[in-house]
Amino acid sequence: MKAMRAIIRGRVIWILNRLIEKSKSEEAPEYIEKVVFYESQEVEMGYNESIVTLVKEKKLPHLIFGGFDIYVVIFLSILSLSLFAAGQKIDIKNENGVIVVRNPKKPVPQPDSPSKFVLTEELVIGREQVSSGYLFAELRSVGVDDQENIWTLDWEDIKVRIFDKTGKLISAFGKKGQGPGEWENPSRMIVTPDGTGVILDRNKLTFYSRDGRCLKELSTALSNMFRFKIDSKGNIYADKMIYGEKMTLNLIKYDPALNPVATLAEVEEPIKPGAFNAFTILHFCHVTGDDRLIWMTNSKYEFFVLSPEGKLIRKIIKDYEALKVTDADKKKILEEQYGDAPYRNQIVFPDAYPPVLFFIGDAEGRLYAQTYEQDGKGGLWYDVFDPEGRCITRFSLPREETAFIVKKNKLYVLIQENEEGIPLVKRYALEWK
């Protein structure tokens, strides 16, 4: 089987090389751009799908030497596609009332729905000069409301700035202090669809309108949260680290008044007290437009989908290739992240990176999971799952760009520092194909 697959792949590669050579000639027809696009996606789709696509679109006969070769291409491509799909099947089963979706290592495009997208940069905010230097000092969070206004939280400036969808600054507020409406150390921000900004400070959650009015404050002294999400009913989902004989990370649901309702997950930190995991176990969660909660722990490539009532309705699992942590990786991480910290010698590294760095989602339930896998150009790969939980494609972003929000077919990324050392917010148009 492997030998046959190698022969077929060799034939398909030969054909694609002929197509690409043809595309460089003066006789290149109008559809060559399409051929080159699919060739550029060979890592995700496989050479075979490139050929099948051309055959389906009836574009291949112009490039091959007569009917005999056309039929050979069709035969080889279909056979190759069958062999490729055999090892790339998504398994979906109902197990005790829970839909379980098991994905293979590589994405599997779905023929009945869009399975790829194109990112086009359309807006950058932060290059503007102000009296104190550049617009942002140290960006921490980005949020977007239903009017496509872009909210930014500046950790160092203690400032929230709001821009309209053209990038024009329309509001700014924030003041350092411990009094009402003041912040000591604002670390997280989310923006609800109705345009309320919720900022997590050291011991409180503060709720703000677009014009900077403080609507309410909730004490977080007992919750010790450091990441949170809010659903349409005002329920709050947050993680909490509990210290004792062992360290555990809990995911807790709170009501709108921040009273605990239920513990949704509990994970034990495998490192003993006194040592520090180089890749701390974290919970990440996302609330969809219909109030489903999707959460995961970065130590496993598994998503859990809960109904608005809190019932587990779907589990999404993805196979992956464990990425080894090399000695060079350890040295770089220690130097860049810990410097001369006194606890540097207590940092413990696992044999492999966690499968996921973090993930975000959109209102429809698509998931975008950033991995530690590099794209060969210094960027990192993101796996993309459709609302059913099927991994259908992947894309990469430069390492300095962190995907924060996907909303209304726009991708918003935060850049803590570009090559010039400037913090930026960037927006891409996201077009599904």
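FYI, it's all coordinate maths here, none of it is from the lab. Owing to the predicted nature of the structure, the values given are computational and were not obtained by experimental measurement. With ideal geometry, Cβ positions are generated from the backbone for all residues, glycine too; neighbour counts draw on all protein chains shown.
Using a Förster distance of 45 Å, how high is the FRET efficiency between Asn409 and Cys214, based on the Cβ-Cβ distance and rounded to 0.05?
Once rounded, the FRET efficiency stands at 0.85.
How much net charge surrounds Leu119 when only the other residues with a Cβ under 13 Å from the Cβ of Leu119 are counted, with Lys and Arg +1 and Asp and Glu -1?
Within the 13 Å Cβ shell, the charges total +2.
Tell me whether region 118-198 comes out rounded, prolate or oblate; compute the Cα gyration tensor, take square roots of the eigenvalues as a ≥ b ≥ c, and use a/c under 1.5 as the rounded threshold. Before the final figure, lay out the partial values.
Details: a/c = 2.02, a/b = 1.29, b/c = 1.57.
Since a/c reaches 1.5 but b/c is at least a/b, the shape of region 118-198 is classed as oblate.
At a threshold of 8 angstrom on Cα-Cα distance, excluding pairs fewer than six apart, so keeping six or more, what relative contact order does region 91-432 reach in percent?
It comes to 18 percent, rounded to a whole number.
Between Leu169 and Tyr372, what FRET efficiency follows from the Cβ-Cβ distance if R0 is 35 Å, with the result rounded to 0.05?
Plugging the Cβ-Cβ distance into 1/(1 + (r/R0)^6) gives 0.50.
Please give the contour-minus-distance gain from Arg102 to Glu245: 0.36 nm per residue of separation, less the Cα-Cα distance, rounded to one decimal in nm.
So the extension gain works out to 47.9 nm.
Using the beta-carbon distance between Asp194 and Asp319 and R0 = 60 Å, what value does 1/(1 + (r/R0)^6) give for FRET efficiency, to the nearest 0.05? Can you show the working numbers first?
On the way: r = 40 Å, r/R0 = 0.66.
Using R0 = 60 Å, I get an efficiency of 0.90.
According to the square roots a ≥ b ≥ c of the eigenvalues of the Cα gyration tensor, what is the shape class of region 91-432, taking rounded for a/c under 1.5, prolate for a/b larger than b/c otherwise, and oblate for the remainder?
Note, shape of region 91-432 comes out rounded.
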